[in-house]
Amino acid sequence: MRIVLADGVPLFREGLATVLSNRGHQVAVTANCYELIATGKRTRAELVLTDANLPQGAHAAGARASGVRAAIELRRRDPDLNVVVLSCEPDVEAARALLASGASHTAYLLTRRIAGAQTLVDAVHRVAAGATLVDSGVTERLSREADAGPAGPETGVIDPVALLPRRRSEVLALMAQGHSNSRIARELSVSEAAVAGHIAQIYAQLGLARTIDTNRRVHAVLRFLHHRDHREGAAAGPRG
């Protein structure tokens, strides 16, 4: 896979480049947003792996540094572009903008939660396969925002994802893996019309109105990811 890797720290980017190259990927290394965009266009990158707070570069003076914005610009030119963003701290606005550019084939991960090089390599491969990977803290914030009214989210309410019937849960899980409606239909051996019907019911059951700020598919996937993270955290039990 053709990967453009962007990070302002030489040791970090060279280390990641070596890890990915050893797995058979073609890796172009860049140090700022200007280089990332130029190299992404020139190499027709299939995946961008970038630091969220990437330096701008001399040719973009005066603009706020953002690897997220650079990745979004490349994705506007190539909607099929896979994007993995690494961030030191959660930035909900940046994550929302990234997901709005394409919910599938996308990851927004916190570096402190990445256990090692193989974890990152696995994330790259999952994103290339169509998955949506978002840090659990960010999914919680985004899913709460979709639920919140003027007084904020209600407490003590059962997660609506947990109340979805089995077939709708299966459809939502496949949506979170980045599958199109036609692929979901093939996976479940049903018609595309049936999948569209299930998705409409998922939106209704999750309370996702057409007027929400980002498209409903993104929010539905975020709800699923938050539900899964919460369930897996409960199953793991208390730490310490």
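In segment 202-240, the residue that is modelled with the highest pLDDT out of those that are in a helix (DSSP H, G or I) and loosely packed, with under 15 Cβ neighbours inside 10 Å is Ala204. Taken over segment 181-191, residues that are closer than 22 Å to Asp80 by Cα and either modelled with pLDDT under 90 or open to solvent by 20 Å² or more (accessible area, probe 1.4 Å) (or both) amount to 5. Any residue that is without any contact (Cβ under 8 Å) to a residue 60 or more places away in the chain, crowded, with 19+ Cβ neighbours inside 10 Å and under 25 Å from Leu142 (Cβ atoms) - is there at least one of those in segment 10-22? Checked segment 10-22: no residue is without any contact (Cβ under 8 Å) to a residue 60 or more places away in the chain, crowded, with 19+ Cβ neighbours inside 10 Å and under 25 Å from Leu142 (Cβ atoms). Within segment 75-97, the set of residues being in a helix (DSSP H, G or I) and in contact (Cβ under 8 Å) with a residue 40 or more places away in the chain comprises Val92, Ala94, Ala95, Arg96.
Any residue that is in contact with a His (Cβ under 9 Å, 6 or more places away or on another chain) and surrounded by fewer than 22 Cβ atoms within 10 Å (Cβ to Cβ) - is there at least one of those in segment 76-89? Before the answer, list the steps.
Let us first name the residues in segment 76-89 that are in contact with a His (Cβ under 9 Å, 6 or more places away or on another chain), namely 80-83.
Applying the additional criterion that residues be surrounded by fewer than 22 Cβ atoms within 10 Å (Cβ to Cβ) yields 80.
Yes, segment 76-89 has at least one match.
Here the helices (runs of 4 or more DSSP H) wholly within segment 98-180 that include at least 1 residues being modelled with pLDDT under 80 and buried (at least 20 other Cβ atoms within 10 Å of the Cβ) are 136-147. Scan segment 25-44 for residues that are modelled with pLDDT under 95, open to solvent by less than 70 Å² (accessible area, probe 1.4 Å) and assigned to a loop (DSSP other than H, G, I, E, B) and the total you get is 2.
Using the structure shown, decide if Arg69 is surrounded by 15 or more Cβ atoms within 10 Å (Cβ to Cβ), farther than 23 Å from Gly116 by Cβ, charged (D, E, K, R) and at pLDDT below 90. If you could, list the steps in order and put the result at the bottom.
Values: surrounded by 15 or more Cβ atoms within 10 Å (Cβ to Cβ): yes; farther than 23 Å from Gly116 by Cβ: yes; charged (D, E, K, R): yes; at pLDDT below 90: no.
It is false that Arg69 is surrounded by 15 or more Cβ atoms within 10 Å (Cβ to Cβ), farther than 23 Å from Gly116 by Cβ, charged (D, E, K, R) and at pLDDT below 90.
The values are calculated or read from the model by the stated rules, or taken from the named source; none is laboratory data. Worth saying up front: this structure is predicted, and the values here are computed from it rather than measured. Note: ideal-geometry Cβ built from the backbone for every residue, glycine included; neighbour counts use all protein chains shown. Note: areas computed on protein heavy atoms with side chains; ligands, DNA, RNA excluded. Shrake-Rupley method; radii C 1.70, N 1.55, O 1.52, S 1.80 Å.
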